[in-house]
Amino acid sequence: MTASLLTAEVGATQLEICVADITTLEVGAIVNAANRTLLGGGGVDGAIHRAAGPELLAECRTLGGCDTGSAKITRGYRLKAKHVIHAVGPVWGGGGKGEDDLLASCYRTALALAAAQGLSSIAFPAISTGIYRFPPERAARIAVGSVAAEVAHAPRGLTRVVFCCFSPDAAEHHTRAFTELGLA
């Protein structure tokens, strides 16, 4: 079990921030910061595909890709998580191309997919903040704000949402977002 750096309650849902390898978490679903093909890539996408094994790629090939701002769900295969939700975040283009809305949509869609599967827990990476160059502090505010709003207004049976950060810097962005939104 990975230690949480910060937790907050929003309705019946516990929101957590941790620094860990998302592929090691025991949750109903981990979210993959995927590309539109869903066929693997670098960063967290590559790490999830490697940890899940070749069956994940085989299932992803049947999905026909995914639009930016949306998500699709697969089994978790060799992961501790039962499912992988592949969310396609936006490539940062300066902020004038709907990037904020597309990123928020990734989080909302992932939560809806988790609820549709009856899952009680989900873990998110910092979607779009790697090679897609979304400003990390802005992305953290969108992530935390979107998730908090969704679980407060439409509790989907989720009792635990984890913001799984790859680095202490990313965790600090999420911690600031918790504070700014009055969660910490």
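A short reminder: the numbers here are calculations on the coordinates, not readings from a lab. Everything numeric here is computed off the predicted structure, so don't read it as measured data. Here the Cβ positions follow ideal geometry from the backbone for every residue, glycine too, while neighbour counts run over all protein chains shown.
Tabulated data
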item: Cα centroid separation - the range 127-173 against the range 37-84, whole Å; result: 19
item: Amide H contacts under 5 Å for Gly40, placed H, 5+ residues apart; result: Asn35
item: Assigned charges on the beta-carbon of Lys, Arg, Asp, Glu; the chain dipole about Cα centre (debye); result: 440
item: All lysines inside 20 Å of Lys72 as judged from Cα atoms, apart from same-chain residues fewer than 8 positions distant; result: Lys80, Lys82
item: Sequence-distant residues sharing a close amide H with Val27 (under 5 Å, placed H); result: Ala81, Lys82
item: Distant-in-sequence amide H partners of Tyr77 (H built 1.01 Å from N, under 5 Å); result: none
